Every structure is written in structure tokens, then in C-alpha cells.
Amino acid sequence: MDYQSAYFEFLCRLGDNALILGHRISEWCGHGPTLEEDIALANIALDLIGEATVWLELAAGVENKRRTANDLAMLRDAWEFRNVLLVEQPNGDFGQTIMRQYLFDAWHVLVLTALAESRELPVAAAAAKIKKEAQYHLLRSRNTVIGLGDGTPESHRRMQAALDWSYPYVGELFERDEIDHTVEQKGVVNQSANLWDHYYEEISSTLQRATLQIPAAPHSHSGGKNGQQHSEHLGHILTQLQWLQRAYPGAQW
Amino acid sequence: MVNPSINHEPQPSQPVGDLASSAASTAQPRPTIDQIYKWLASVMDPEIPVLSVIDLGIIREVNWNGDALEIAITPTYTGCPATTAITEDIEMMLRRRGITEIAVNRHLAPAWSSDWITSTGRAKLEAYGIAPPQLAGHPERCPRCHSNNLFRVSEFGSTPCKALWRCQSCLEAFDYFKCL
């Protein structure tokens, strides 16, 4: 695979993760369990959609086919999306949303830290900027997971169920393929640091404090990052996310 | 060709189009960078209308490139919708001042920090009822009664840059500008 194509795909993966998760949690807007949580989720959604704009603008520039970030977000179909399956999964109850967020945030901060050292300067600049926001998200999702896991019997039960449900989607975050190898060779991201070890250290310490058990995870779902097998949920997200541009092509705010 | 009757510093209330067409950039000396900075101090953040873009520390560079004025602006938060509005406000203000060729570019590096809010900006924030950011990660005192008996209601608030706190002494809720 040539570098330009790999770099484009790599940036789409980053952008699509942020876009789809941002859209997912924006679904909580007006439905949060308390006003403060509602506002927090809407704010995090806004940060993620801002992040998606940055990565997809870079991707559009690398692709150089006169597509914009908006074109990439609004006019690609499900099979062209490159987000991991974790972020397209339904929100479930608040516990499931927060667990998914925590498992994502912990990975997100590590990846952005690595990307802040990228040899591609626009990537390094974007990652350094976004990392500051992601760290704040992690601080909150980590504390909420601990508070609810080590909370009432009901909140504990729901958080354990959320972890059991979400955990099989974690593996895909750490899968590496030809695209990753190609961009690593060019120094877009330095993979000498073992992200998984740092990740596992982070989540096992938090989940222990939350009195939650990491499941044995005999299997791991995948197929989103490479676009080969998204879950049925992505198509449903796109019907909402892209509806306006599909119904009224070129509509401007 | 030079028309001395054209006011070098037109009033902001005049319509945009008139000045842009009458004040051709070659017809008069271009404003100095210092002058541009003074004008920028009149462009306010739409969400926090007491803070100018200078107070916020988001203007990173101002340069003339021939007859074109180039301004580099850095977003506070990547997804903050105010950044788009601010860019438009800057362009509109400069057009009113007779500058027609304007490029407002977004710079992500170095990433904006709440440390870049000027000391005047911090004082204006507090006077407006928003506790300025503190390295300790929490407000120093209630912006109204100055008590330090404070309670965090939420890590997030009405805009991406703020969190919601409450003063336990005067019982008022207040915004805290997050440390970024």
C-alpha cells in the first residue's frame, strides 16, 4: 500500500472514531440522568466533533481529490467508515455509555500522546491540542466509573454488566494492520511504546478501584477499523447524521 | 489619486460595502500592526462578551503580506463554535476599517492554554462573574463574595471552556473557566 493511501486511511480512522462517538453521545442531549451529566455529555460530544473536523480536514488534504471534511463526514456510506466497533455501539443505559467512554478515553489519551511526537507536523500539532481535551474527558469518565462501580448494589451490577458487554470491543483498538505498519515506517506514529501495556495498567487499576472484574474475554469483535464488517448500528447512525445532506444536497447552515 | 478626504479610521457604524469599495488599499498608507492589534481588542468573544480576542490570547500572529493582512488565530477548544463566529467578526471589523484582503488562518500549534488569558482578561472574567482559571484546577474564590468555601457542581458548564461551581457561603452558582 502506498504511503498517501495509508496516511489517508489512518487519518480517517482517527476522524471517524471521534465523529461516530461524538454523534453517539450527542444522542444523550436532553435525556441525561441529571442536568449536569447531560451538559457534560453534550460538551464531550462537541469536543469529539471538533476533533473529527481536524482529522478529516487533514485526511481531505492528504487525499487531494477536492473532497472536504464535510464531504467525508456527510457523504461516505457505512462501508467507507473506519471507526472501531466500540464507538458505534448503542448507548444502552448511562452506565454502559460511561463505561464505553472510559474504555475509549483511556485509549484515546495514549494514542494522542504518541501522535504528539509524530514526524508529520500537522498530526503532532493536532494531537497535542486534542490531548488536552481528552485528558479532561478521561479524568471525568474514570472517576464516574469508580463512583458507580463502587456505588450502590444496583449501580455496581449495572457497571459490571456494562464492562462485560463493552470489553470484547476493546481488542480492536489495539489491532494493527498494513496501514498502521506503513504509517509507522514513516514516523507518523511511533509504536515503540507498547500502548496495550500502558492501557491495561490504566484500566486494571481503575476497575479494581471500581470493584469491577475484567472479563476473561475469550473473543474480540472487529471489522470496523478496516471497514470490512461494521455492526448494523453504524447504518442507523448515518441515517440520522447524514440525513440533511442526503435530502438537501449542498445545504448550508 | 490619493483622496485626503477619506477618513483613515472610519466609524464602525458605517456600512461594510461602502468603505471596502471607497478605500482602495493603494490609496492610503496601510495601518500599522500596532493599530491592527488595537482594533482587534474591540472584537469580543460572543460567549463571554467582556473578553476580547486579545484578552483571550487567541491571536497568535498579525502580518502584512503585500496588501493582504494575515492573522493567525488558535482555537480555545477544537469544537468550540465561537471560533467560527470570532473569525467572521474579525473579518467584518477589518472590512469596516477598509482592509479588503484578509486571511484568517487557524493555527493548532502551539496549543492554546488558559495561561494565555491576559491579566486584564482574568480581572474582567472575575468582574463578570466567571472565576478565572487556576493551575490548582479549581477556582480560587467565589467571584461574587470571594469566599473560598466552594463546591463543584459539574466538571462541564454552559460552554466547552467552563465548569459549574457553587459558593457555599453566598449559595450562588457560578462558572469557572477551566484550566486547559
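Every read-out reported here was derived from the displayed coordinates using simple, explicitly stated rules and does not represent laboratory data. If you're wondering where the values come from, they're calculated on a predicted model, not measured in any experiment. As a convention, Cβ positions derive from the backbone with ideal geometry for all residues, glycine included, and neighbour counts pool all protein chains shown.
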Inverse mean reciprocal Cα-Cα distance (Kirkwood Rh) of the stretch B:117-177, Å: 11.3 Å
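Averaging sequence separations of C-alpha pairs under 8 Å and six or more residues apart, then dividing by the length of chain B, give the relative contact order as a whole percent. Walk me through the numbers before you get to the answer.
Details: 295 pairs, mean separation 33.4, N = 180.
Answer for chain B is 19 percent.
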Overall Cα dimensions of the protein assembly as shown - principal axes, largest extent first, Å: 82, 62, 44
Inter-part distance where the stretch A:38-99 and the stretch A:211-253 are each reduced to a Cα centre, Å: 9 Å
Mean separation of Cα contacts under 8 Å (6+ apart) over length of the stretch B:117-177, as relative contact order %: 29 percent
Shielding by other protein chains, A:38-51, mean Cβ within 10 Å: 5
Percentage relative contact order, chain A, counting C-alpha pairs under 8 Å, at least six apart: 26 percent
Cut-off 15 Å between beta-carbons: net charge of the residues surrounding A:Phe8, Lys and Arg +1, Asp and Glu -1: -3
Placed amide H near B:Val104: partners under 5 Å, 5+ positions off or other chain: B:Ile71
Distance (nanometres) between label positions extended 7 Å along Cα→Cβ at B:Ile102 and B:Asn149: 4.9 nm
Label-point separation in nm, A:Gln242 to B:Asp115, each point 7 Å along Cα→Cβ: 4.4 nm
Per principal axis, descending, Cα span of chain A in whole Å: 55, 45, 32
Residues of type aspartates and glutamates that A:Lys225 reaches as a straight line, Cα spacing below 16 Å, ignoring anything fewer than 8 places off in the same chain: A:Glu9, A:Asp16, A:Asp77, A:Glu80, A:Glu88, A:Glu172, A:Glu175, A:Asp177, A:Glu178, A:Asp180
R0 of 30 Å, Cβ-Cβ distance A:Thr211-A:Trp165: FRET efficiency to nearest 0.05: 0.95
Inter-site label distance for A:Glu27 and B:Ala173 at 7 Å from Cα along Cβ, in nm: 2.7 nm
Other protein chain Cβ atoms within 10 Å, averaged over every residue that makes up A:119-131: 3
Chain A: calculated mean residue ellipticity at 222 nm from DSSP helix runs of at least 4, using -39500 (n - 2.57): -21500 deg cm²/dmol
Largest to smallest principal axis extent of the C-alpha atoms in chain B, angstrom: 67, 31, 23
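Kindly work out what percent of the DSSP beta bridges joining two residues of the stretch B:16-106 are antiparallel, to the nearest 5.
60 percent
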Per-pair calculated FRET efficiency, R0 = 22 Å: B:Thr84 and B:Asn63 via Cβ, rounded to 0.05: 0.50
Long-range HN-HN contacts of B:Ser147 with modeled amide H, under 5 Å: B:Cys142
Disulfide-incompatible cysteines by the Cβ rule (no partner under 4.7 Å) in chain B: B:Cys80, B:Cys161, B:Cys179
